[in-house]
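The values are calculated or read from the model by the stated rules, or taken from the named source; none is laboratory data. Everything numeric in this text was worked out from a predicted model, so none of it was measured. Note: ideal-geometry Cβ built from the backbone for every residue, glycine included; neighbour counts use all protein chains shown. Side chains included, ligands, DNA and RNA excluded: accessible areas come from the protein's heavy atoms. Shrake-Rupley method; radii C 1.70, N 1.55, O 1.52, S 1.80 Å.
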Amino acid sequence: MSDPTGFLDNVNRSFDRAAAFTGFPQGLLDEIKAGNSLYRFEFPLRHDDGSITVVQAWRAEHSHHKLPVKGGIRYSADVNEDEVMALASLMTWKCAIVDVPFGGAKGAVQVDPRKLTLDQLERVTRRYTHELIKKNFIGPGVDVPAPDYGTGEREMAWIVDTYQAMTPDGLDALACVTGKPVSQGGIRGRREATGRGLFFALREVCARGDDMRTLGLTTGLAGKRVVVQGLGNVGYHVAKFCQEGGAILVGLAEYEGAIANPDGLDLEAVVAHRRDTKSILHFPGAANITPSADVLELACDVLIPAALETQIRADNAPRIKARIVLEGANGPTTPEAEDILNAKGVMVVPDIYANAGGVTVSYFEWLKNLSHVRFGRMENRYREASQLRMFAAIEQATGKTFTEADRSAVVKGADELTLVNSGLEETMTAAYRDIRGIREQHPSIPDLRTAAFLVAIEKVGRSYLELGIFP
Ligand code: NAD
């Protein structure tokens, strides 16, 4: 069945809503909405009992207006072709919003990673990479994958190893994929980047006193009651940063069920409990919630869906009690649900902005791989020496002596992690300013998603026109 969840249709409808605010000709809008290329292929997978099954896989490149294209690889038994195209399209808009110079892409393999052995996972990943290499759907200047649902650093390490083996002269081969382990050319801070970016986005949203008053909330993140659906890479990290920022985690969900405690849940204790008992349920002091999706309807200030798409739909949106929905997952809210939330005065912070921290830090990793040097390596010592000379000059001019504590609070070169986090913070802050700014310019824009799409479509459309890439 084509587009069984309606995800691609939802993304295209969000595009159309925003496109109506641009002055671009319809033909240009049609071109930038359409996907550029899609590679669909199958390969065999051998099982321990000797049987063989056929695995379906895809790589979708949505927009070639900038190269390379960029987007994660998803391993899921339920993934389908329209989902991959929808996710590739979202990547185009996401990259434009945070000003990283990539077109959008997405890949997927239709397997349940929980049901495969480690050996099978490695064989699937290496075979998938081979197929992409054969068709020129991967490469530092062509198409650069990253982790997504069901994949992580381990899979990215297999991909780069396969790519390097097949391109022995490739000086820039490490830049063929991001989200790698640091020991394999990855960058510090990438693992937690999407969650940290979500935290920065929420902090910006909560810092606007006027918006918070309209929502009936106080300014700032401290004390806000937060619910998180999905405790994978994105969900775990955003929950961690929110808790560290003073928010109270009142509900947490995984696929087997959810738990709630209005007084707060200790994230690390919950993670340890799930590791030990193989379930999030029956956490001491918390109430069990089944089915898991009911967690979305808990009383809270901020709801963070961070698992899968189409979780907030017309059927459950009327029962959502959160005042802010921060989209950690891609496409968790359908357009019908968004209309209902808008009518209830709920603020939806859209995926194409909110979860763009991952691709932002992937961009830094790609730059690091291409430059073949760690950020901070060249200038750290020089900066420290300059700062010490400045202290000495001030001491000489004023006759005062600084303490060692004063000195060490100021004199330090920035290491890679500090620079990555600073670049991420700047990116998320500036992007929110753009989205909020365009909404103020067009008071008839109904929501932040339309504003975010408009920011992106304007950038991509201008890029097409300036390139003159029409035959
Ligand atoms: P992940 O595989 O690390 O984690 C997903 C988690 O959700 C898993 O722990 C899984 O068990 C859980 N889950 C599955 N079904 C669930 C359900 N019905 N209820 C509650 N939990 C459920 O994946 P991830 O990388 O964290 O990606 C999650 C979402 O964020 C996806 O939509 C992905 O496209 C999006 N995203 C990821 C990144 C990234 O950098 N990894 C970046 C941007 C967006």
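Structure data summary
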{"quantity": "Size of charge dipole - the chain - debye, nearest 20, with Cβ of Lys, Arg +1 and Asp, Glu -1, no other charges", "calculated": "880"}
{"quantity": "Additional length obtainable on full extension of the chain from THR117 to TYR464, 0.36 nm per residue less Cα span", "calculated": "120.4 nm"}
{"quantity": "Cβ-derived FRET efficiency at R0 60 Å, VAL411 paired with ASP3, nearest 0.05", "calculated": "0.55"}
{"quantity": "Largest-first principal axis extents, alpha carbons of the stretch 271-336, Å", "calculated": "39, 22, 19"}
{"quantity": "Summed side-chain charge close to GLY141 - residues other than GLY141 whose Cβ falls under 12 Å, Lys, Arg +1, Asp, Glu -1", "calculated": "0"}
{"quantity": "Amide H contacts under 5 Å for LEU249, placed H, 5+ residues apart", "calculated": "VAL226, LEU265"}
{"quantity": "Spin-label model distance (nm) - SER444 vs ASP78, 7 Å beyond Cα toward Cβ", "calculated": "3.8"}
{"quantity": "Stretchable slack from MET378 to GLU336, in nm (0.36 nm times residue separation minus alpha-carbon distance)", "calculated": "9.9 nm"}
{"quantity": "For the chain: relative contact order, % (alpha-carbon pairs under 8 angstrom, 6 or more apart)", "calculated": "15"}
{"quantity": "Percent carbon-and-sulfur accessible area, the chain, ignoring ligands, DNA and RNA, probe 1.4 Å", "calculated": "53"}
{"quantity": "Full-stretch length increase - ASP210, HIS130 - with 0.36 nm per residue and alpha-carbon distance subtracted", "calculated": "23.5 nm"}
{"quantity": "Viscosity 0.890 mPa s, temperature 25 °C, Stokes-Einstein D of the chain from Kirkwood C-alpha radius, µm²/s", "calculated": "105"}
{"quantity": "The chain - mean residue ellipticity at 222 nm from DSSP helices (-39,500 (n - 2.57) per run, n ≥ 4, rounded to 500)", "calculated": "-14500 deg cm²/dmol"}
{"quantity": "Heavy atoms of TYR255: accessible area, 1.4 Å probe, square angstrom to 10", "calculated": "140"}
{"quantity": "Sum of side-chain charges, GLY376 neighbourhood, beta-carbon under 14 Å (Lys, Arg +1; Asp, Glu -1)", "calculated": "+3"}
{"quantity": "Order of exposure, largest accessible area first, which applies to LEU87, LEU419 with probe 1.4 Å", "calculated": "LEU419, LEU87"}
{"quantity": "Vicinal HN-Hα couplings computed from phi for the stretch 177-186 (Karplus, 6.51 cos²θ - 1.76 cosθ + 1.60; Hz; Gly/Pro x)", "calculated": "7, 10, x, 7, x, 4, 5, 10, x, x"}
{"quantity": "Whole-angstrom Cα spans of the stretch 37-182 along principal axes, big to small", "calculated": "49, 36, 27"}
{"quantity": "Sites GLN56 and ALA165 - FRET efficiency at Förster radius 22 Å, r taken between beta-carbons, to 0.05", "calculated": "0.35"}
{"quantity": "Size of electric dipole in the stretch 225-312: Cβ of Lys, Arg +1 and of Asp, Glu -1, about Cα centre, debye, nearest 20", "calculated": "140"}
{"quantity": "Share, in percent, of DSSP beta bridges within the stretch 37-182 that are antiparallel, nearest 5", "calculated": "60"}
{"quantity": "P(r) weight above 26 Å for the stretch 294-433, C-alpha pairs, percent", "calculated": "51"}
{"quantity": "Distance between modelled label sites at PHE391 and ALA34, nm, 7 Å Cα→Cβ extension", "calculated": "6.3"}
{"quantity": "Per residue solvent-accessible surface (Å²) - the stretch 37-182, probe of 1.4 Å", "calculated": "37"}
{"quantity": "DSSP-defined beta bridges in the chain - what % are antiparallel, rounded to 5", "calculated": "50"}
